[in-house]
Amino acid sequence: MSTVTDPGTARRPSARERLLDAAEELFYKEGIHIVGIDRVIEQAGVAKASLYSTFGSKDELVRAYLNRKYDQRRTHITKWLTRYDNPRDRLLGVFDVLGDTIAQPGYHGCAFANATAESSRGSVAEQVTQEYRAWTRSLFTDLARDAGAADPATLGAQLHLLYDGVNWAARIDRDLEAAGRARAAAAALLDAAGPDPGRA
């Protein structure tokens, strides 16, 4: 027997969730500096006091927004890569994830690149972006090691550059084929990287 949930008993999103949802939509589409606090508050449907009691400042709201994007990106990539059966495919699969991402309606480029382009050195946007980029580079390095590259750190850095290039090509040139070309370049780099003698 199926049950029908009473709409009146459905959990209402917290003020924090509503503020983050509003910030994510507005900051990503329009920019973290163009969008003022009042617009976020209006879209979230909360009192101004709720923003300051929850986050303390716009900077901390920006930090929370980017941390959420970081968590979403990391979870999405990690889950996607579980579909591949071998290390080589997992490494190249990162570009498959990216190709899927840039093809989505509403893609406006890398949220981290966009945020740091608007921000000064040492800003909260730069701090979170550095954490995200360190994770991405580490992911590529670990996947390169698993795939048997002789110098995983160098290959990981090269692949990270390709990854960055796809984001910019998709954002600026509207090039939805960039991820596929980067994947082919990544395969060539992996082939040229040579096996790790210690794994022979």
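Report the residue count in the range 104-133 for those that are open to solvent by 50 Å² or more (accessible area, probe 1.4 Å) and at pLDDT 95 or above.
Residues that pass the stated criteria total 4.
List pairs: first residue in the range 19-37 and in contact (Cβ under 8 Å) with a residue 60 or more places away in the chain, second residue among the hydroxyl-bearing types (Ser, Thr, Tyr) anywhere in the structure, Cβ distance under 8 angstrom, at least six positions apart or on different chains.
Taking only residues 6 or more apart or on different chains, the pairs are PHE27/TYR65; ILE32/TYR65; ILE32/SER119; HIS33/SER119.
Identify, by number, the condition in (1) surrounded by 17 or more Cβ atoms within 10 Å (Cβ to Cβ); (2) assigned to a loop (DSSP other than H, G, I, E, B); (3) of a type in the set (Phe, Trp, Tyr) that PHE140 doesn't meet.
Answer for PHE140: the failing condition is (2).
If you check THR101, THR116, which single one turns out to be under 26 Å from ASP146 (Cβ atoms), among the β-branched types (Val, Ile, Thr) and not in a loop (DSSP other than H, G, I, E, B)?
Working: THR116 fails: under 26 Å from ASP146 (Cβ atoms).
The match here is THR101.
For the range 25-53, enumerate the residues that are surrounded by 17 or more Cβ atoms within 10 Å (Cβ to Cβ) and within 16 Å of ALA113 (Cβ to Cβ).
Listed by number, the residues that qualify are PHE27, TYR28, ILE32.
So, in the range 58-103, of the ones that are open to solvent by less than 40 Å² (accessible area, probe 1.4 Å) and small (Gly, Ala, Ser), which residue ends up nearest to ALA22 (Cα to Cα)?
My answer is ALA64.
How many residues are in contact with a helix residue (DSSP H, G or I) (Cβ under 7 Å, 6 or more places away or on another chain) and either open to solvent by 60 Å² or more (accessible area, probe 1.4 Å) or at pLDDT below 95 (or both) when one looks only at the range 170-188?
So the first thing to find is which residues in the range 170-188 are in contact with a helix residue (DSSP H, G or I) (Cβ under 7 Å, 6 or more places away or on another chain), and the list is 170, 175-176, 178-180, 182-183, 185-187.
Now restrict to residues that are either open to solvent by 60 Å² or more (accessible area, probe 1.4 Å) or at pLDDT below 95 (or both): 170, 175-176, 183.
Adding up the residues that qualify gives 4.
Any residue in the range 48-59 that is within 24 Å of GLU126 (Cα to Cα), among the hydrophobic types (A, V, I, L, M, F, W, C), part of a helix (DSSP H, G or I) and at pLDDT 95 or above?
No, every residue in the range 48-59 fails to be within 24 Å of GLU126 (Cα to Cα), among the hydrophobic types (A, V, I, L, M, F, W, C), part of a helix (DSSP H, G or I) and at pLDDT 95 or above.
Which pairs do you get when a residue that is over 19 Å from ARG68 (Cα atoms), found in the range 115-143, comes within reach of a residue that is modelled with pLDDT of 95 or more and open to solvent by 10 Å² or more (accessible area, probe 1.4 Å), reach meaning Cβ atoms under 6 angstrom, with the pair 6+ apart or on two chains?
Within 6 Å, the pairs are THR141/PRO152; THR141/ALA153; LEU143/ARG90.
The values are calculated or read from the model by the stated rules, or taken from the named source; none is laboratory data. The shown structure was predicted, so the numbers you read here are calculated from the model rather than taken from an experiment. All Cβ positions, even for glycine, are placed from backbone atoms using ideal geometry, and neighbour counts span all protein chains on display. Accessible surface is based on the protein model in full, side chains and every heavy atom, while ligands, DNA and RNA are left aside. Shrake-Rupley method; radii C 1.70, N 1.55, O 1.52, S 1.80 Å.
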